[in-house]
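Read through the structure below, which is laid out as structure tokens, and then see the notes.
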Amino acid sequence: MSSREPIGVIGTGYVGLVTAVGFAELGSDVVCVDIDAGKVERLQRGEIPIYEPGLAELVEKNRERLTFTTDLSVALDRARLLFVAVGTPPTYSGDADLSAVHAVVNAMPASDRHALVMKSTVPVGTGEAIKRVFEEQGKSGFRYVSCPEFLKEGSAIDDFLDPDRVVIGDEGGWAGDAVTELYRPVLTPELGGSKRGELVRTDIKSAEMVKLASNAFLATKISFINEIANVCEETGADVVEVAKGMGLDDRIGSKFLKAGIGFGGSCFPKDVNALKQLAGNSGYHFQLLNAVIEVNELQKRRVIGKLQKNLGSLVGKRIALLGLAFKPETDDMREASSLVLSARLIADGAEVVGYDPIAAEEAGKLLKGVELAGSASEALAGADAVVLVTEWPEFKELDLAAVASSMRGNVFIDGRNLLDGDAARSAGLVYEGIGRGYAPQADVPAGSSL
Ligand code: UDX
């Protein structure tokens, strides 16, 4: 039995599993609860339902401290703090669907000993609404803490154990103090963290807003650099050089300035929409976020224009997509650019073949009419054009001369600016990145007043 506080975690998706195994690694016994009996059985057998580097190893290492069950009462018996990490997917209106969160709230008994700790991303005001529900249900002793999660897929374990910050929103009292205590090892540099993660202890609504505002800001940064990339294409500037020059300004920072074919994933598209919707529901028109969303949608489709410019009509053309997941090191296909891209290509009459080192199984469920290849070279053989969609490291190692000779055509669109353009061109490929300045260098830039 560990001396650290035991916890319950409800929901065993990305956030739930990483939270559970992270706290187990820090010394807590953790009861993981999920309504999906099949998933619980697989977890009990040691099978991890998602691909996340380091997660399987850490689950194995902490097996003794982890219990997987469908029975909520086990968690209620053993722990006071119940971390909620259930899904809050978008509804048709763009609002967050809170039905899974409400199911958890309704399942709680009256108790003066327990607290819900909200990890799921929820609209501002959710904590207040839940506390009202607890009161109406005669459970006003149940405490509530907002503790948003900032982990990135692909580096989730590191993000948990070495965070930039931990945000805890509460109204004072034992529960917020207990959550703070749980996180103390990752906030204290001498205990291993290298980033000196800061604690932000605040009210519930502000904690809820930190999460939505952070994701919306990062998404804005990406749409901004994507628009700069588009202007670079018109003017002959190179967005990679521009981003480097911008990023060296401390106030701007170099991260999230990579131009590409749009952001995806389970968080950015959903959270930007949810914040826009939340603002709208409260009577505020959040203009900037409309543009961020629109730019992202258009960015995914711009690749089609690049292909048409090089190939003419796409009817009957064989197009290979390298990488299908929304980003490398994950099998997550949620809002992946490959979904929109493949659907548009098929609608234009192209034949689409895709390859992803990890996400093939997930992709197979979602990509209708796309042929799945077992390797990059299999996908490339006989293709008229290639689009590099996800910057998996293995694509950096492609033998470009072999690529050029195995293809039927020679068009290579690098949607993530991963490859060396000069090397690709010398291998005989017609190579285009995103925002890499292919406009002819005019003596006097267009629009110049010189
Ligand atoms: C994000 C947030 O970073 C994280 O804090 C939050 O908890 C969940 O949402 P994640 O969705 O795992 O994490 O992915 P992230 O690495 O942030 O990338 C999101 C998307 O932006 C990807 O599609 C990626 O390709 C794209 N991106 C990122 C860019 O196009 N350019 C960049 O410079 C950075």
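The values are calculated or read from the model by the stated rules, or taken from the named source; none is laboratory data. Fair warning: this is a prediction, and the values are worked out from it, not measured in the lab. Cβ placement follows ideal geometry from the backbone for every residue including glycine, while neighbour counts extend to all protein chains displayed. Only protein heavy atoms, including side chains, enter the accessible area calculation; ligands, DNA and RNA are left aside. Shrake-Rupley method; radii C 1.70, N 1.55, O 1.52, S 1.80 Å.
Taking the DSSP beta bridges in the chain as the whole, what percent of them are antiparallel, to the nearest 5?
Given both bridge residues lie in the chain, the antiparallel proportion sits at roughly 5 percent.
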- Pairwise Lys count, segment 7-202 - Cα closer than 26 Å, eight or more residues apart or different chains: 12
- Task: Before rounding to the nearest 500, sum -39500 (n - 2.57) across all DSSP H runs of length at least 4 in the chain and divide by the residue total; then give [θ] at 222 nm in deg cm²/dmol.
- Result: -13000 deg cm²/dmol
- Query: Which one of G283, G176, G264 has the biggest mean-square fluctuation once the chain is modelled by GNM with Cα springs under 10 Å?
  - Reply: G283
- Message: Going by Cα centres, segment 46-73 and segment 397-426 are how many Å apart?
- Response: 40
- Item | Within the accessible area of the chain (1.4 Å probe), percent carbon and sulfur | 53
- Message: If I fit a long axis through the Cα atoms of helix 337-347 and take the longest principal axis of the Cα atoms of the chain, what angle between them do I get, 0 to 90°, rounded to 10?
- Response: 50
- Query: Excluding ligands and nucleic acids, what accessible area in Å² is computed for V210 using a 1.4 Å probe, to the nearest 10?
  - Reply: 50
- Long-range lysine pairs (8 or more apart or interchain), segment 280-397, Cα under 19 Å: 8
- Item | Quarter of the Cα convex hull surface for segment 7-202, i.e. its orientation-mean projected area (nm²) | 10.8
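Could you work out how much longer the chain between E5 and R201 gets when fully extended? Use 0.36 nm per residue separation minus the Cα distance between them, nm to one decimal.
Extra length from E5 to R201 when fully extended: 68.6 nm.
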- Query: For E297 and S426, FRET efficiency with R0 = 35 Å and r from the beta-carbon atoms, rounded to 0.05?
  - Reply: 0.50
- Query: Accessible area per residue, 1.4 Å probe, Å², for the chain: what's the number?
  - Reply: 45
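About the Cα centre, and with charges only on the beta carbon of Lys, Arg (+1) and Asp, Glu (-1), how big is the dipole of the chain? Nearest 20 debye, please. Kindly include the intermediate steps, with their values, before the conclusion.
Values: 47 positive and 64 negative charges, 118 e Å.
It comes to approximately 560 debye.
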- Message: I need the Debye-formula profile for the chain: one equal scatterer per C-alpha, no solvent, reported as log10 I(q)/I(0) at q = 0.12 1/Å, two decimals.
- Response: -1.07
- Query: Excluding the sites themselves, what is the longest stretch of the chain that contains no chymotrypsin sites (Phe, Trp or Tyr not before Pro) in a DSSP loop with at most 10 other C-beta atoms within 10 Å?
  - Reply: 93-283
- Note on the structure: Once H102, H114, H285 are ranked on solvent-accessible area with the largest value leading and a 1.4 Å probe, the list reads H285, H102, H114
- Message: Between N417, N215, N106, where does the largest GNM mean-square fluctuation fall for the chain, given springs only between Cα atoms within less than 10 Å?
- Response: N106
